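Please treat every number below as a calculation from the coordinates, not as lab data. No experiment lies behind these values; they were computed from the predicted model shown. We place every Cβ from the backbone using ideal geometry, glycine too, and count neighbours over all the protein chains shown.
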């Protein structure tokens, strides 16, 4: 950052940390703070946008996870847990709430009676499709500070980071 670069709240925090501690890598610390703040802003805005449509962000994310599972829009509760990075209890709770709305159904897996399969219902597919455009437009607006090429570069950099944290995915 040059002296003429615009400053944000994180710059002020890093200034204080730099004065108080002898830390060699303040760039990493600043980047982590910024990623957390950006994620927080995005989540708040997406929740606000979706609330106007009577759906919560977690509901749409679970519906979208099932929607992407082709061809039957069905996945095991265990796979939902892994894909959504949730605990078993959280998946059970969320699936129960969406089942009560008629958006998903649950059944015992025919090949493994210990496994539960969660399926997106027709009303669930319709509900998700109704609000996908709202979420997409909000995401586009939130990232509009970046031109397309910067978004591609940021995507590539964050992909590299996620692969180092989570491993490659096929």
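Assorted remarks:
- Difference of contour (0.36 nm per residue) and Cα-Cα distance, residue 85 to residue 100: 3.2 nm
- Between residue 141 and residue 72, full extension at 0.36 nm per residue minus the direct alpha carbon distance yields a gain of 21.6 nm.
- Helix 9-20 vs. the chain, principal-axis angle (Cα, 0 to 90°, nearest 10): 60
- In this rough spin-label picture, where each label sits 7 Å from Cα along the Cβ direction, the residue 51-residue 156 distance is 3.9 nm.
- Between helix 122-142 and the chain there is an angle of about 10 degrees, using the helix long axis and the longest principal axis of the Cα atoms.
- Order of 34, 127 - criterion: other Cβ atoms within 10 Å of each residue's Cβ, fewest first: 34, 127
- In this calculation the C-beta distance from residue 126 to residue 34 is compared with R0 = 35 Å, giving a FRET efficiency of 0.40.
- Label-point separation, residue 21 to residue 113 (7 Å along Cα→Cβ), nm: 5.4
- When all alpha carbon pairs of the chain are counted in 10 Å bins from zero, the resulting P(r) reads 8, 27, 31, 20, 10, 4, 0 %.
- Average Cα contact separation per residue, the chain, under 8 Å, 6 or more apart, as relative contact order %: 18
- Extent along the principal axes, Cα only, for segment 54-146: 49, 25, 24 Å, with the longest axis given first.
- Crossing angle, helix 148-166 versus the chain [Cα axis fit, 0-90 degrees, rounded to tens]: 70
- Distance between segment 2-30 and segment 31-50 - C-alpha centres, whole angstrom: 21
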